[in-house]
1. Over the Cα atoms of the stretch 83-155, what radius of gyration and what Dmax do you get, in Å?
2. In a Debye calculation with equal point scatterers on the alpha-carbon sites of the stretch 113-191 and no solvent, what is log10 I(q)/I(0) at q = 0.18, 0.20, 0.23 Å⁻¹?
3. Once you've got the Cα coordinates, tell me which of K32/K107; K87/K165; K32/K58; K176/K196 are over 24 Å apart.
4. Roughly to the nearest percent, how much of the accessible area of the stretch 148-205 is carbon and sulfur, given a 1.4 Å probe?
5. At 1.4 Å probe size, with no ligands or nucleic acids counted, give the accessible surface of K121 in Å², nearest ten.
Amino acid sequence: MKFRLLIFIFIFSISKIFATAQAPDKIIIDNKEYDLLNNPLENYFAKNPELDPIYGGKIKMFEKYKTEIIPIPFSTGNYRGYIATFKIENQILKLIDIEIQNIESEKREYISVFKELFGDKNVTLNYSGILVIPTGDFLESANFGYSYLFTEYRLITINNDKVLKSKELSKDEYLKFKFKQFTEYKKTNQYKAEVKEYYENWKSD
C-alpha cells in the first residue's frame, strides 16, 4: 500500500510537467532575447479575463465566432494559445508584445494583437514570482511541458513587477532548486487539495 501511494504521489508531482512540450514565452534582457520557462500572464488573465487574447472578446478577428467554436487548430504544443514577449527595463518587468494565430490565414502564422488588447498604454502586471530563463547550452528534453534541460540558468525574483534579485545557476544547482521548490509546495494546502482532486479523478477513470 505504501509503495502504491508513493507511486501515486510521484505521478501526481510530475503530472503538471509531463504534458506535451510547450512553446515558451520570450523575454528580452540587455537587448538579448531568451526563452522563458514559465508564463507570467496566466495569473494576469485569470484576474482580467476580458483581456484574454483568445476568450476575452476584444480581438476583432474573433467577433463572428461569438456563437460558434473558434476555428483555431490549437496545438498541444501551445495550450495557452498565445506567445507573450516581456522585457526587463530599469529593473521592471514589462509586457511588450503578445501574439496569437491568425485564423484568417491558411498558414495560421502568429500575429501581434498587443495594440488591440492594450492600445498604447503600459501594462501593469503586478507579477510576483521567479522567472526561469535558460542561458546555457541545450542538453536534452523529455518532450513534456517545460522539461528542457540546459547547462545554465538565470533565476530572476520579481515582486510586483520589480526585480529583487538575479542569480545564475548551473544545471545541478537548478535541479536542486526545483526539488527544494517541490518539497516546499508539498507543505501547502493547495498541494493537498490537488492531490485529493487528482486521486478522485483517478478513481473515476
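The values are calculated or read from the model by the stated rules, or taken from the named source; none is laboratory data. Source: prediction; values computed, not measured. What goes into the accessible areas is simple: the full protein's heavy atoms, side chains included, and nothing from ligands, DNA or RNA. Shrake-Rupley method; radii C 1.70, N 1.55, O 1.52, S 1.80 Å.
1. Rg, Dmax (Cα atoms, Å): 15.8, 40.
2. -0.93, -1.02, -1.11
3. On the way: K32/K107 28 Å; K87/K165 16 Å; K32/K58 31 Å; K176/K196 26 Å.
Table pairs above 24 Å Cα-Cα are K32/K107; K32/K58; K176/K196.
4. Numbers: 2220 of 4360 Å².
With neighbouring chains kept in place, the figure for the stretch 148-205 is 51 percent.
5. Probe radius 1.4 Å; accessible area of K121 about 120 Å².
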